[in-house]
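A short reminder: the numbers here are calculations on the coordinates, not readings from a lab. Note that this is a predicted model, so its numbers are computed, not measured. Positions of Cβ are generated from backbone atoms using ideal geometry, with glycine treated the same way; all protein chains shown enter the neighbour counts.
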Amino acid sequence: MGEKKTVKLIGIIQCDFAKERCSGFGCVNSFNLRIDSFTKYPKEGIMLVPFHCGGCPGRRISRVASNLIKRAKKKAEIEKAEITIHLASCIVTDNGHYPPCPHVDYIEKILKRKGLTVKKGSYKSKTASRRREEGLYEPFDWDG
Ligand code: SF4
């Protein structure tokens, strides 16, 4: 087993279409409270940088991820190994916005090629969870 990495910066990427009606409050609030997809992180010492994909198929992410890696190193001495990117629930889950993003594998590949750690999920909506339990929405593994 390798040494456990310290996470010093978390990026949350939102879907551009979801962003048309979503302020992003739910994801940031879940991070602040360390609930939903953020329970495993320590309460202090992590910078949060939310951004969005730029529209299908998410190619903006390549440019923004490069910028993020560069700025984090230069301004805050954060190495890319200390950055984890969460693909927001609006991208990876079946939810009140839409079914999951059809480009999610492509987006994940872009980020991993940059050397970033990728996690799936952010805010866990109660309504979407209920609809998931009722079988209306696809299941989602929050621990995956
Ligand atoms: S690439 Fe995916 S996350 Fe980005 S706008 Fe299109 S559907 Fe949304």
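So here's what we get for this one:
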| read-out | value |
| --- | --- |
| Normalised contact order of the chain, rounded percent, pairs of Cα under 8 Å and 6 or more residues apart | 30 percent |
| Most to least packed among 124-135, 100-111 [average Cβ atoms within 10 Å] | 100-111, 124-135 |
| Inter-site label distance for R71 and C56 at 7 Å from Cα along Cβ, in nm | 2.8 nm |
| Order by protection proxy (mean Cβ within 10 Å, highest first), peptides 83-96, 12-25, 39-52 | 83-96, 12-25, 39-52 |
| Helix 60-76 vs. the chain, principal-axis angle (Cα, 0 to 90°, nearest 10) | 40 degrees |
| Amide H partners (placed H, <5 Å) of I12, local residues excluded | V49, F51, H86 |
| Cα long-axis angle, helix 104-113 against the chain (0 to 90 degrees, to the nearest 10) | 10 degrees |
| Rg/Rh ratio calculated on Cα atoms of the chain (Kirkwood radius) | 0.96 |
| Within-13-Å neighbourhood charge of K112 [Cβ basis; K, R +1; D, E -1] | +4 |
